[in-house]
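Presented below is the structure to which this report refers.
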Amino acid sequence: MEFLDRERFTAVSILMLRIGAGAITTPPLTVWIMQTIGWRWAFVIPGALGFSWVILSRRCFRQPEDHPTIANDEREIILRERSKQIGRES
């Protein structure tokens, strides 16, 4: 996934927040699942949630060229910034 320079810090912060929240909530949730419905479900439920997350991510996150809800002027700004970043990396 690509981010503009001015949006990169926010995107990384959100990603790190999600990782931290998952690391905090997973152990107690797994113990609760094991104690209430059995240890096998402690593997099945997180696995199913992981596959659900993959499907949701594939449906929601798209490249700017293919995204149906991005306005044309915003798409042009994103593509212009991308070409500047690619030129700088070369």
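The values are calculated or read from the model by the stated rules, or taken from the named source; none is laboratory data. Just so it is clear, the model here is predicted, and its values are computed rather than measured. So basically every Cβ, Gly included, is an ideal-geometry build from the backbone, and we count neighbours across all protein chains shown.
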Across the range 67-90, the tally of residues that are surrounded by fewer than 11 Cβ atoms within 10 Å (Cβ to Cβ) and within 21 Å of the chain's Cα centre (by Cα) stands at 2
So the check is Cβ under 7 Å with 6+ separation or different chains; which pairs have a first residue in the range 44-60 that's at negative phi and a second one that's of a type in the set (A, V, I, L, M, F, W, C) and part of a helix (DSSP H, G or I)? Ile45/Ile33
Pro64: surrounded by 10 or more Cβ atoms within 10 Å (Cβ to Cβ), at pLDDT below 80 and either within 21 Å of the chain's Cα centre (by Cα) or polar (S, T, N, Q) (or both), yes or no? yes
What's the total number of residues in the range 45-70 that are of a type outside the set (A, V, I, L, M, F, W, C) and part of a helix (DSSP H, G or I)? 7
